[in-house]
Every structure is written in structure tokens, then in C-alpha cells.
1. Of all residues in the stretch 177-201, which are surrounded by 18 or more Cβ atoms within 10 Å (Cβ to Cβ), part of a helix (DSSP H, G or I) and either among the β-branched types (Val, Ile, Thr) or more than 16 Å from the chain's Cα centre (by Cα) (or both)?
2. For the stretch 53-67, give me the residue count where each residue is among the β-branched types (Val, Ile, Thr), in contact with a helix residue (DSSP H, G or I) (Cβ under 7 Å, 6 or more places away or on another chain) and either on the phi > 0 side of the Ramachandran plot or open to solvent by less than 10 Å² (accessible area, probe 1.4 Å) (or both).
3. What is the number of the single condition among (1) free of Cβ contacts under 8 Å to residues at least 40 places away in the same chain; (2) open to solvent by 30 Å² or more (accessible area, probe 1.4 Å); (3) not aromatic (Phe, Trp, Tyr) that Pro88 does not meet?
4. Applying the selection to the stretch 161-211, what residues are of a type in the set (S, T, N, Q) and farther than 15 Å from Asp113 by Cβ?
5. Looking at the stretch 20-40 only, could you name the residues that are open to solvent by less than 40 Å² (accessible area, probe 1.4 Å) and in contact (Cβ under 8 Å) with a residue 24 or more places away in the chain?
6. Among the residues of the stretch 146-176, write down those that are under 23 Å from Arg193 (Cα atoms) and either in a loop (DSSP other than H, G, I, E, B) or touching a Cys at 6+ places or on another chain (Cβ under 6 Å) (or both).
7. Within the group Asp99, Asp143, Asp70, which residue is at negative phi, open to solvent by less than 60 Å² (accessible area, probe 1.4 Å) and either touching a Gly at 6+ places or on another chain (Cβ under 6 Å) or of a type in the set (D, E, K, R) (or both)?
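The values are calculated or read from the model by the stated rules, or taken from the named source; none is laboratory data. The structure displayed is predicted, hence computed values, not measured ones. No Cβ is skipped: glycine too gets one built from the backbone with ideal geometry, and neighbour counts run over all protein chains shown. Ligands, DNA and RNA are excluded from the accessible area calculation, which covers all protein heavy atoms including side chains. Shrake-Rupley method; radii C 1.70, N 1.55, O 1.52, S 1.80 Å.
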Amino acid sequence: MNAPRQPTVPAHRAPQVLVLAKTPEPGRVKTRLCPPCTPAQAARVAAAALADTLDTVATAAAGTRVLVVDGDHPAPGGWTRIAQRGGPLGDRLAHAFVDTRTAGTATLLIGMDTPQLTAAHLDSALELLCRPAGPDAVLGPADDGGWWTLGLREPGHATLLRAIPTSEASTGQLTLAALRRLGLRVHLLPRLRDVDTAADAHAVAASCPPDSRFAVAVATDVPSPTAVSR
């Protein structure tokens, strides 16, 4: 694994990165992969996506790295680990920002559904949040209408997420509109595809290194669309 890059600002001001994740247990993760996957196969795919995501975040130019987890999945060495709290996803997202809030420190949150994420994606977002005259927020749209990352210069603004419906085709646009209603300057990041369905898994795996955990798990555990249709 490559050593983490050093932040371009003093450590106490470098943005922190949160990874919101669920412990990869059969029947609790990636349920939309079933069928064609079994719950055990879906859990292995989720575990691979999470492991690749954590490795990528470890090499990005972040200050603090925090695993915000539902369940008992351990955090990598050198990370902070906190439990998710709240009911609906919007509440859990808002709590993740607020519970880790540090004065003067911006926060970037990602999930475990975009294992094709690179350190370059993260470093670009972190650098924008570091700029004295940079945006107040960065938002990464997802192909399904949601978003794959949200970064806030002032994490307290995340309370707006409680009023936004999640997992809908309008989630990203509603989030963007809510940020702008607060008067925040928002920079849109590149669009990425979330892994929800088997088709998503194969499409995302094709954009990952072939020897990545996720690509190997998809090749092993997710039947191809051609095989399923026979």
C-alpha cells in the first residue's frame, strides 16, 4: 500500500474524510444484488468494495480519517471509528458530520458503494475545501440520481440532510438545491456510478484495476447479465 500523501495545509486544518459503512454481513448489505447473488455472495462483494474504499482513503491527502460504521467492522490502524446513530439514512448522514465536527476543519463524506474511487478524486475535493476562497461545499453526483460524496467547509450545515429523501432519483438535485438555498457556493465533482444492482457491479468492476478486491469479487460472485438471462 502506498504511504498517505501529506496534506497541503497544516494537519489541524486539513479536511477529514468520513467513510459511512455497514458491516458486510449476509442479508444486511447489498440486498439488491439478490438475486442473482446469494446473501453470502453479496456480502463478499460489499466487503471487497469497503476494503478497496478504505485503502483508497488511506492514500488520500486527508487529515483525520474516520470510519462511521453500522455494526462492529473494525477501522484500519491510525483511523478513528465511531458508530452510526439515528434512524433514516438522512439522520445518520447528518449525525456523521455533526458527531465528528472539529472547529476550523472541513469534512468530506463518502460511502462504500463506489470502489472505483481513486485518491485523485478525493484529493481534488479536499484541495477545493482547503482553498481560502474555495467553495463552501463539494457534491459528487451519482448516476442513479443520488450523490457519492458531500464535502462541507462547515459540517454543521449537514443538518439539512434530514429533510431530503434518500435513495431516490431526485436526491442529488434536492441536496444541491438545499445547499444553495443556504447561500453556499457548491462545486460539482465528477459523476460516478454506485453499486446497487448486478449490472452496476459489473460496470463498476470494469473501471477498477482487474486485481482489485472488488473486481475479483464481482468476477467470482456476481453472475454476468448474459448468464442470468439464459
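1. Leu179, Ala198
2. Number of matching residues: 1.
3. Going through the list (1) free of Cβ contacts under 8 Å to residues at least 40 places away in the same chain; (2) open to solvent by 30 Å² or more (accessible area, probe 1.4 Å); (3) not aromatic (Phe, Trp, Tyr), Pro88 breaks only (1).
4. Ser170, Gln173, Thr175, listed by residue number.
5. Leu20, Ala21, Thr23, Pro24, Lys30, Leu33, Cys37
6. Gly146, Ile164, Pro165, Thr166, Ser167, Glu168, Ala169, Ser170
7. On the way: Asp99 fails: open to solvent by less than 60 Å² (accessible area, probe 1.4 Å); Asp143 fails: open to solvent by less than 60 Å² (accessible area, probe 1.4 Å).
Sole residue among the options that is at negative phi, open to solvent by less than 60 Å² (accessible area, probe 1.4 Å) and either touching a Gly at 6+ places or on another chain (Cβ under 6 Å) or of a type in the set (D, E, K, R) (or both): Asp70.
Quick grid of which residues meet (1) within 21 Å of Leu20 (Cα to Cα); (2) touching a helix residue (DSSP H, G or I) at 6+ places or on another chain (Cβ under 6 Å); (3) at pLDDT 95 or above:
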{"site": "Ala125", "(1), (2), (3)": "yes, no, yes"}
{"site": "Trp147", "(1), (2), (3)": "yes, yes, yes"}
{"site": "Gly151", "(1), (2), (3)": "yes, yes, yes"}
{"site": "Leu160", "(1), (2), (3)": "yes, yes, yes"}
{"site": "Thr171", "(1), (2), (3)": "yes, no, yes"}
{"site": "Val186", "(1), (2), (3)": "no, yes, yes"}
{"site": "Thr197", "(1), (2), (3)": "yes, yes, yes"}
{"site": "Ser224", "(1), (2), (3)": "no, no, no"}
